[in-house]
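Laboratory data are not the source of any read-out in this text; all were calculated from the coordinates shown. The model shown is predicted, which means the values in this text are computed figures rather than measured ones. With ideal geometry, Cβ positions are generated from the backbone for all residues, glycine too; neighbour counts draw on all protein chains shown.
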Amino acid sequence: MKYIIACVMLLSCSIMQSKACDVCGASSGNQNLGLLPQMYRHFVGVQYQYNEFSSRHVPLSETRPVWYGREHYQTVQLWGRYCIGKRWQLFGFLPYRYNTGSYNSSGMTIKGIGDATAIVNYTLLQTADSSDNILRHRLQGGAGIKIPLGSHSGVSQAEREGLPNMQPGTGSWDVPVNINYTARYRNSGLNADLAYVMTTPNILEYKYGNRLNMQVSLFYWLQRNKFSILPQAGIRFEYALHDYDNYQRKWLNEQTGGYITSAVAGVQMYYGKTGLQLQYSRPIAQYFGSGNITALQKIDAGIILLF
Amino acid sequence: MAGLLSCQKKEEVPLQPDEVKIVVTTPQEGQKYKWGDTVYIQGNISYTGQLHGYIARITDEQGAILYEGEGHTHGSNLPVNEQWVNAVNKASQLRLELTTVIDHNENKKTVNVAFSSQP
């Protein structure tokens, strides 16, 4: 029983990482922690993320036809958590991006190491591990920094037209902040996660819009011996401000930014010190890139090793 | 939602199309090209504010479009670098229209350069 309680309480930061940015600025790298395993203090993991968009491109010349594209953003990411004391957690993320786009008869592929992110979280509130507490809470919050390790060679035409960043990096130092709350009653629970990225202009004075990413999920925890499974479902809201073509001149690019609201369903499974995670998201309402960008679907999958 | 986006600071400058400078280096006014020659369309467009791109178009005497290229680039200084291989095999008066798109509200400025094709 104690093991069960520990497991559920410790599921308070999730493997889910939404690269909102790829939708809402992939590049700016929103790191949604969501529901995370707490059975052990530390973990390392590999995560695969897939985002698919369709795009509509209106030429400057009225004599040319509108053309359409399809973009696929794939990321394989190393990430992990290291706990310092009872209340501090250090998270690190290092993505490798493989982005492709197909446009009528042409296509492009852009790949490479993306921007790294480090986040420090503090546990603000945690219900004591006692059988007296039927309703348990855990509240964590923190901030970090996104380091422009990924290559960035200026802003492409596609990005000017509202597409999320196709390049591996943004060239900017950004500040992600997050707050994460988990409540559990017996085997059922709720996780609410909010992440916000404050961007800065890069060396080219291009500034990706600040990005907000919120997700609320309900989960249910089932366990038998060393095996536990957590189905979860919820809703995610991603919002991106407009980018600036030149922040110093305040040249706002009103073709960029917007919102995406998605229905989310997923499952986490743990066996001993190994965890698997899978999540599928499908937009239910959106307005992005002046309506020229449509998010189609998003898949997150990953494995973590706890220690 | 729109309210949040509209809170962002934005450069507000009065539109001044007369301040847009379009310089066409080639082709030059009256220049003659033979069939198969490459017509390099080169120049520069500058403005005190932000420009949103350019359209370079070559038309014949009837107004038919023989070539059209565009650069969707945002900035206050847009280099123009296009090329077209002359496929007109008869004597014909041609015209280059170089149009810059000042903003996405259909504000534009155009300069024309007349040149000719000789068989």
Filtered residue count, region A:252-266, keeping only those that are facing chain B (nearest Cβ under 10 Å), in a strand (DSSP E or B), farther than 17 Å from A:Thr170 by Cβ and not small (Gly, Ala, Ser): 2
Total residues in region B:1-26, condition buried (at least 17 other Cβ atoms within 10 Å of the Cβ), outside any loop (DSSP other than H, G, I, E, B) and away from chain A (no Cβ under 14 Å): 2
Strands (runs of 3 or more DSSP E) completely within region B:27-119 that count 1 or more residues being hydrophobic (A, V, I, L, M, F, W, C) and closer than 30 Å to A:Val155 by Cβ: B:38-51, B:53-59, B:65-71, B:75-85, B:92-101, B:108-118
Selection status of B:Thr110, within 13 Å of chain A (Cβ to nearest Cβ) and farther than 30 Å from A:Gln248 by Cβ: no
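Condition check ((1) in contact with a Pro (Cβ under 9 Å, 6 or more places away or on another chain); (2) in contact (Cβ under 8 Å) with a residue 60 or more places away in the chain) across all residues:
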| position | (1), (2) |
| --- | --- |
| B:Trp35 | yes, yes |
| B:Tyr40 | yes, no |
| B:Ile45 | yes, no |
| B:Gln50 | no, no |
| B:Arg95 | no, no |
| B:Asn105 | no, no |
1 or more residues farther than 30 Å from A:Glu159 by Cα: qualifying strands (runs of 3 or more DSSP E) within region A:209-250: A:211-220, A:222-224, A:227-240
Residue ranges of strands (runs of 3 or more DSSP E) in region A:45-142 with at least 1 members under 30 Å from B:Leu51 (Cβ atoms): A:67-84, A:88-103, A:106-113
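Quick grid of which residues meet (1) under 28 Å from A:Ser172 (Cβ atoms); (2) in contact (Cβ under 8 Å) with a residue 60 or more places away in the chain; (3) surrounded by 14 or more Cβ atoms within 10 Å (Cβ to Cβ):
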| site | (1), (2), (3) |
| --- | --- |
| A:Leu33 | yes, yes, yes |
| A:Pro37 | no, yes, yes |
| A:Glu62 | no, no, no |
| A:Arg70 | yes, no, yes |
| A:Tyr73 | yes, yes, yes |
| A:Thr100 | yes, no, yes |
